[in-house]
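The values are calculated or read from the model by the stated rules, or taken from the named source; none is laboratory data. This one's a predicted model, so the numbers in the text were calculated from it and none came from an experiment. Note that we place each Cβ from the backbone using ideal geometry, even for glycine, and neighbour counts take in every protein chain shown. Please note that ligands, DNA and RNA were not included when accessible areas were found on the heavy atoms of the full protein model with its side chains. Shrake-Rupley method; radii C 1.70, N 1.55, O 1.52, S 1.80 Å.
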Amino acid sequence: RRRLAALVGARAGDPAEERPQQADYASAVSAAFRPRQHPDRPEAVLAEAGTGVGKTLGYLAPASLWAEASGAPVWISTYTRNLQHQIDGELDRLYPDRRDKARHVVIRKGRENYLCLLNYEEAVRGQALDGAYAVALGLMARWIAATRDGDLSGDLPGWLVDLIGRPMSLGLADRRGECLYSACTHYGRCFIERSVRRARRARIVVANHALVMVQAALGGLDDTVLPLRYVFDEGHHLFDAADGTFAAHLSGSETHDLRRWLIGGQSGRAARGRGLARRVEDLLPADADAAADAAEALAQIAGTARGLPGEGWLARLVEGRPVGPTEQVLGLVRRQVRARAPGREGPYDLECPTDDPIDGLAEAAAALAAALRRLHAPMRRLARALAGRLDDEADTLDTQTRLRIEAVVRTLERRTVQQVAAWIAMAEGLGRPAPPGRLDWFAVARAEGREVDAGFYRHWIDPTVPFIDQVAAGAHGLLVTSATLTDRNDGAAADGPDAAGWPAAEAQTGFAHLPQPALRARVPSPFDYAAQTRVLVVRDVRRDDPDQVAAAYRALFLASGGGGLGLFTAITRLRAVHARIARPLEEAGLTLLAQHVDGIDPATLVEIFRSEPRACLLGTDALRDGIDVPGPALRLIVFDRVPWPRPTLLHKARREAFGKARYDDRLTRLRLKQAYGRLIRRADDRGVFVILDAMTPTRLTDTFPDGVAVERLGLAEAVAEVGAFLGEGTP
């Protein structure tokens, strides 16, 4: 509590608010940092903190104390980049001196988020004589000199990407499989390697759920020692993050990516175009027999990998002229999906079950499994040969070479054990039931109505099972926290009404699989939601009529005088509304920003929206979760319809496993609760939450805080209520 008080008062001139709940929260979550009592049981805390409690500083207080006392890092994991940057900003309170903070705080993201200095060098060599490219590269040079850690997704201004184009900005990122590690001339200055090295010595590492899970599942991908204490903020997203991490996709894009990693691309950067051989040729064992075996394995890998999809694979699938065993399978998968999936002309992915495969598919899958085995074996041999060098030459290897060999071996293991081995099992078992706890299906993936991929997919029905097994089990302490963990309408448990919603929260976070119960903590929001907000359901707008929906958005945004966030469950509807209301809002002096319309990344759109009170913003899920816009810049949220989950094959399987209709209701209520939570961020905020869906069930509206009445009104009445409550605009 003393550390928390110091953090809260660390900034002179802050508009400090009394938050006794924050101290209670900090005390409760400190249990995650107690010494572990059992070798196989982490000290686990599941904590819900309402908006305004100040949970970030609440858990930073015990986390920072533990890190200082133990000399080991605490990893704080988030789901959204926006929250990563918010936590980074709050850490200025703990380390006000920039140099001190640089020693103790590290932001970690996936390698694809960072600028690669070798990519930049090659761009300069290839494009510097072109005037337009020279200007772009000059601007990037200035950014490289100024950036804190080369983070293209955080430090690079979105307007600069729009100005100079993606190839000379985001296109300079490190791409999977291209890194030369210590063989690179920029290795000592590499932004990625510096962040990895700094994370080993840091006290606080701010990462994301996907990176944390991959690191733990693989025993350390970049870091050789895994952390002992984790804080998972935005814990309501753990289920989705684990779903993506522990899934297996035998798809065109994934297999093409493996081919490029193994043998290089058919075009592009000549310096690294030879793939794996180029990266390991100077790492082969000194022993002649071992070196010959490794060289033979490399040759076999290169030969077999040419059977994976190459450039133009998607066009060949569409045209019915596949090349190689993988494309043969994917072509037949695509045919089965298009023959059996409903909604062939809609905007969403097409999918169908894997049972009863069409003629020829089982035989093609068997041939693919055999080809993948011919790839798998030499990859394992090469990994063993390189790992053997670490033992055989332990007394002579320099540090950089050792680190480089370790990195290549870990990546080979990831590619073989986690990826290729999973593909072999899927291909061999095609047409048979999936392993227990998993679901298999075929799909054709779409983006904005266009086919972008086809594949065979395997997911855990409950992905928190591998999360607990591979991430939580190795930790000494684990805190999962969020403002929206529990659903109080999910039925009171047997031990009383205070337990309502906790069993579902434990199921969604995986805490139900822990060997001992977690400590539960719930701290309510200090805000007076009944006085500060209004919730309206508009009953006379047809949600399937784009003109009526657009007219409703226009009238509501004008009534609020800006500060409106429009949330959509489909990109097509967002664009249709934007096209209809952009001019009327502009004529009224309101700026209209839109995700998927403006060529600006979501984080930059939010920054513009936050700084302009007479702006409105349209967006989808990415803007529903994790954004923080306090004050009058956000005073109205309008949902185009109830955000029910899409009835995909995977969702249907989970619906059966987790409570059928109650599961749908729980997911939808939590989405509404998360969006509503964006509205009030300070004690003096006011706002209106509107749902343009007359079919909104009453059982969903109970998700809002106690005392907040939900009014069902016509559009004209709703517009008048917005104008009167917010005191701006004209109804």
Given points 7 Å out from each Cα along the Cα-Cβ axis, report the residue 141 to residue 278 separation in nanometres with one decimal. 2.4 nm
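Please calculate how many Å² of accessible area region 384-493 carries per residue, with a 1.4 Å probe and no DNA, RNA or ligand atoms counted. Don't skip to the answer; put the middle values down first.
Details: 4220 Å² over 110 residues.
I get 38 Å² per residue for this part.
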Output the direction-averaged projected area (hull surface divided by four) of the convex hull of the alpha-carbon atoms of region 372-505, in nm². 15.1 nm²
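State to the nearest 20 debye the size of the charge dipole of region 517-569 about its Cα centre, where the only charges are +1 on K and R beta carbons and -1 on D and E beta carbons. Don't jump to the answer; show the numbers that get you there.
On the way: 7 positive and 5 negative charges, 56 e Å.
Dipole magnitude for region 517-569 comes out near 280 debye.
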How are the C-alpha pair distances of the chain spread across 20 Å bins, as whole percents from the shortest bin up? 15, 47, 34, 4, 0
Using a Förster radius of 25 Å, what is the FRET efficiency between residue 399 and residue 166 based on their Cβ-Cβ separation? Nearest 0.05, please. 0.10
Quick one: Debye curve from the C-alpha atoms of region 100-167, no solvent, what's log10 I(q)/I(0) at q = 0.14 Å⁻¹? -0.46
Which value, in Å², gives the accessible area per residue of region 1-104 when a 1.4 Å probe is used on the protein heavy atoms? 48 Å²
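Taking only C-alpha pairs under 8 Å that are 6+ residues apart, what is the relative contact order of region 478-617 in percent?
Values: 117 pairs, mean separation 22.4, N = 140.
Result for region 478-617 is 16 percent.
List every DSSP H helix in the chain whose Cα atoms extend 27 Å or more along the helix's own long axis and whose mean Kyte-Doolittle hydropathy is at least 0.0. Present the calculation step by step, with values, prior to reporting the outcome.
Details: long enough: 361-392 (46 Å, 0.23).
Qualifying helices: 361-392.
Count charges around residue 243 for me, please; just the other residues with Cβ under 12 Å from its Cβ, Lys/Arg as +1, Asp/Glu as -1. Please report the intermediate quantities before stating the final value.
On the way: positive: 438, 458, 654; negative: 240, 462.
Value of the local net charge: +1.
Rounded to the nearest 0.05, what FRET efficiency do residue 713 and residue 587 have when you use their Cβ-Cβ distance and R0 = 35 Å? Please list the in-between numbers first.
Working: r = 27 Å, r/R0 = 0.76.
Plugging the Cβ-Cβ distance into 1/(1 + (r/R0)^6) gives 0.85.
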Per residue of the chain, what 222 nm ellipticity follows from adding -39500 (n - 2.57) for every DSSP H run with n ≥ 4, rounded to the nearest 500? -14000 deg cm²/dmol
Would you kindly compute the Cα radius of gyration of region 521-676 and its largest Cα-Cα separation (Dmax), both in Å? 16.6, 51
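Would you kindly calculate the mean projected area, averaged across all directions, of the convex hull enclosing the Cα atoms of region 603-731, in square nanometres?
Averaged projected hull area, Cα only: 9.0 nm².
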Residues of region 680-731: accessible area per residue with a 1.4 Å probe, Å²: 45 Å²
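Rounded to the nearest 0.05, what FRET efficiency do residue 572 and residue 391 give with R0 = 45 Å and r taken as the Cβ-Cβ distance? Could you check? Don't jump to the answer; show the numbers that get you there.
Working: r = 58 Å, r/R0 = 1.28.
Result of the calculation: an efficiency of 0.20.
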Determine how large the accessible area of residue 540 is when every protein chain is in place; take a 1.4 Å probe and give Å² rounded to the nearest 10. 90 Å²
Evaluate the charge dipole of region 630-731 about its Cα centre and quote only its size in Debye, nearest 20, assuming +1 on the Cβ of each Lys and Arg and -1 on the Cβ of each Asp and Glu. 700 debye
The chain: antiparallel DSSP beta bridges as a percent of all, rounded to 5: 30 percent
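Can you tell me, using C-alpha contacts under 8 Å and at least 6 residues apart, the relative contact order of region 43-195 as a whole percent? Write out the running numbers ahead of the final one.
Values: 95 pairs, mean separation 39.5, N = 153.
Worked out over region 43-195, it gives 26 percent.
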Rounded, prolate or oblate: which fits region 582-638 when a ≥ b ≥ c are the square roots of the eigenvalues of the alpha-carbon gyration tensor, with rounded for a/c under 1.5 and prolate only if a/b beats b/c? oblate
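Under unit Cβ charges (Lys, Arg +1; Asp, Glu -1), what dipole magnitude, rounded to 20 debye, does the chain have relative to its Cα centre?
Values: 96 positive and 94 negative charges, 94 e Å.
Its charge dipole is roughly 460 debye.
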Which of 139, 579, 599 sits closest to the plus end of the dipole of the chain, meaning its Cα is farthest towards the positive end, when Lys and Arg get +1 and Asp and Glu get -1 on the C-beta? 139
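Evaluate 2.2 N^0.38 Å with N set to the residue count of region 673-713, then give the Cα radius of gyration divided by it. Please list the in-between numbers first.
Values: Rg = 11.0 Å, N = 41, 2.2 N^0.38 = 9.0 Å.
Rg over 2.2 N^0.38 Å, computed on Cα atoms: 1.22.
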Carbon and sulfur together cover what percent of the accessible area of region 1-123 at a 1.4 Å probe radius? 50 percent
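Ratio of alpha-carbon Rg to the 2.2 N^0.38 Å globular estimate for region 7-136, to two decimals, please. Mind showing how you got there, number by number?
Working: Rg = 20.3 Å, N = 130, 2.2 N^0.38 = 14.0 Å.
Dividing the Cα Rg of region 7-136 by 2.2 N^0.38 Å gives 1.45.
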Sorting 51, 32, 22 by the position of each Cα along the dipole of region 17-65 (Lys, Arg +1; Asp, Glu -1; all at Cβ), the one nearest the positive end of that ordering is 32
Once Lys and Arg are counted +1 and Asp and Glu -1 for all other residues with Cβ under 14 Å from that of residue 289, the total becomes -1
Which GluC sites (Glu not before Pro) in region 1-106 pass both tests, a DSSP loop state and at most 11 other beta-carbon atoms within 10 Å? 18
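Just the ratio, please: alpha-carbon radius of gyration of region 332-414 over 2.2 N^0.38 Å, N its number of residues.
Values: Rg = 21.8 Å, N = 83, 2.2 N^0.38 = 11.8 Å.
With N residues counted in region 332-414, Rg over 2.2 N^0.38 Å equals 1.85.
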With the dipole of region 319-413 worked out from charges on the C-beta (+1 for Lys and Arg, -1 for Asp and Glu) around the Cα centre, which of 367, 347, 379 lies farthest toward the positive end? 367
